Structures are given as C-alpha cells and as structure tokens.
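Visitor: Handing you a structure now.
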Amino acid sequence: MLILYAICCTIVYMNELDPKSLEDLRSRARAGENVLRSAEFRALFDVIKTLPAEQKAAYGEAVNKLRQELVQLSRSAEPASQDSDKGPLDVTAPISTNQSAPQLLNTENGSQHPITTELERASEIFELMGFEIVESRQIDDDYHMFETLNFPADHPARDDYDTFMTEDGLIAPAHTSTMQNRVIKERLKNLENGEPIAVMVAGRVFRNEDLDARHEHTFHQIEGVYVGKNVTVGNLIATLKTFLESYYEQELKTRITPFYFPFTEPSFEFSLSCPFCKGEGCHICSQEGWIELLGCGMIHPNVLKEAGVDPEVYTGFAWGMGVERLVMMKYDIDDIRHFNSGKLAFLRQFK
Ligand code: DAH
C-alpha cells in the first residue's frame, strides 16, 4: 500500500513536468541536445526539497531513470550533418576561411571530457540529496583564500597551499574552500527560516606542484558545506558515505582519522574501503585496503562567525575532495596527467 502511495506521489510530482514537456525533453535529447543541463530537467530536482522524506527515494529513482533514458537518447542521436563539399576544417587557416557558415563538427569526432561527465554525475547525486550546486571561481583574493578560513597573515599553514599569484595580489585558488564564506553568507536567510544551508561547490584549483603520476598543477575539487542546528560529525560521515556508495555503486566501509586544517575543528582525513578490491589489498590502494580520499571536519567557529553565523546556535560540516582522484579510482586510471594530456587514445575510452 505504502509503495503504491509512493509511486502515485512520484507520478504526481513528475507531472511538475507534464507528459508533453517530458516528450519535449525526449525529442530534444534525440536531436542531440544535452537536456540534462536544461532548466526543465533541473527543475525536477527542486521538487525534492518539497517532498516528505518517505517519498524522496522513489522520486529520486524515477528522476534517475529519466536521466538514464535521456542520456541514452542523446547518445544515439544522429551525428550533425557535415557539409561534404567544404572539406575538413582547416585549423591553421585564418578565421575567415572557416567562417562562411557555422560548421558543427561531427559528434562522432568528439566527446565530453571524462572529468565533466563525472562532475555532472557527482552533482546529480548531491542534488538528489538536497544540496545546491555552485561553481567556484578561478581567480580569487587573499581574504577568501585565507582570511575567511581562519588563516591569519603569516599563519604557517598557508605554506601548504602554495599556488600562483598575479602581480596585483590576486590568487589562482589552491582549493574550493575559497567559496565557503560566500556560499554561507549568501544563504543566511535559510537559517532564519529554520532551513539548513547545504551547498556543493565544484571547480578547478591550482597548485605549485612537482608533477608526477599523482600530482597535477591544475585539477578539480568538490567542496561541501552544510550548516544548521544540531549538526554533528555523524551527519558528516553519513553524508559522505551515502555519496560515495552511490557514486561507486556498491557498499563501502569508511574511516576517519584526526588531521589538521585551520578551517575545521575537529578535522579529519576520510578514508573508504578500496572499491576495487573490497578492502582485500590491491595496486589501487597500495595493498592497504583503504584509500584516503578527502579532508573534512566541523566548520571552525571563526569561519562561521566571519560569514555571519552564530556558532553558539549553529554548527556545520565541510569537506573537500579531489575529483581526478575520485575518477581515477573508478576507472583504474594510473596517471593523473592523462586528464590534461589531450591524448585521444585516453579520451576515446570515455565516449
Ligand atoms: N581545502 C582542503 C584542501 O584542499 C580540503 C578540505 C578539508 C576542505 C577540510 C574542507 C574541509 O572543506 O572542511 O586541502
């Protein structure tokens, strides 16, 4: 009975997008449009927040099914027609030579970068969990990179975030935590209305690194920020475990160990049982059975205060994880440098 009720509710809520609009989404996908980015598809996620808890799972499953269907439809879309008498695009020619008519490259010749695809997948999971998705900035300032995160001037932990700076003091951010102060400040109204602040930030970050198979100067991070009443480390662990089990599509064990970040107290390193060998030990986890994946903790009271939140009333958790590492573990990719290499042999495996 309860199941029947949940299905009926799901159908009613899916009607937020009536059958005609669903058909419209399908035919746009068939024509090759990436409708997952459309306002109509994203609006389906906004409904989640309004649903009673017991209906969320069934609704999420229905939206996920629709997502898979749309992905399939756009994958089997006819490639854009090529103007055969024009010949191939000459990338060395002056712009005007190629410009007589806008020419779409045959979709068979290109595909979405795996980092973009996986970031979209991660965003969908967090969206289904009720998080808003925000993109981080690729140029920032000292205030957001350090001051708002409880690194006063001359704090020794600043050395851990060695990145690039313009002559006038702007910074290529070394982590997506630069967005924490902004996303909290912009949503103080949520707290006044008795709602939590739940945001996932995705973006590109930069470090002055010695490059090797595990270190890149430019990579991506997913940051999470959650602030509300009575928020605990238990909520942090459950949130990350739920995400990771959904992303790797299997049950996982998780482990936290104490660590230090100036912007969280307490701070942890978060590990998961190796999704490849299920904790037995293999080359992915260096025979450990565990993989240290990300940094996290309870947001430091000074960080909350600086964003206008009273730490006596509210608490919150935050985390930051490297997207390349997440994806490398999913597909057994042995070298982080493949992602920016532009090698077709690598990229074509993700078509
Ligand atoms: N920003 C940290 C880094 O890149 C990762 C991190 C740790 C982010 C703890 C957080 C956090 O939000 O709470 O090393």
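The values are calculated or read from the model by the stated rules, or taken from the named source; none is laboratory data. Predicted model only: the values in this text are computed from it and were never measured. Methodologically, a virtual Cβ is constructed for each residue, glycine included, from the backbone with ideal geometry; neighbour enumeration extends over all protein chains shown.
Visitor: Out of 241, 189, which single residue is assigned to a helix (DSSP H, G or I), modelled with pLDDT of 95 or more and within 24 Å of residue 271 (Cα to Cα)?
Guide: 241
Visitor: On to the next question. Under 8 Å between Cβ atoms, at least 6 apart or on separate chains: pull out the pairs that start in the range 296-324 with a residue that is farther than 19 Å from residue 255 by Cα and modelled with pLDDT of 95 or more and end on any residue that is more than 15 Å from the ligand (Cβ to nearest atom) and part of a strand (DSSP E or B).
Guide: Qualifying pairs under 8 Å: 314/228; 315/228; 316/228.
Visitor: Filter the range 253-282 down to residues that are surrounded by fewer than 17 Cβ atoms within 10 Å (Cβ to Cβ) and of a type in the set (Val, Ile, Thr) and give me whichever is nearest to the ligand (Cβ to nearest atom).
Guide: That would be 257.
Visitor: Mind checking which residues of the range 197-219 are within 16 Å of the ligand (Cβ to nearest atom) and surrounded by fewer than 17 Cβ atoms within 10 Å (Cβ to Cβ)?
Guide: Correct list: 208, 209, 214, 215, 217, 218.
Visitor: Let me ask you something else. Is it the case that residue 222 is over 20 Å from the mean Cα position of the chain (by Cα), modelled with pLDDT of 95 or more, among the hydrophobic types (A, V, I, L, M, F, W, C) and within 12 Å of the ligand (Cβ to nearest atom)?
Guide: Criteria not met by residue 222.
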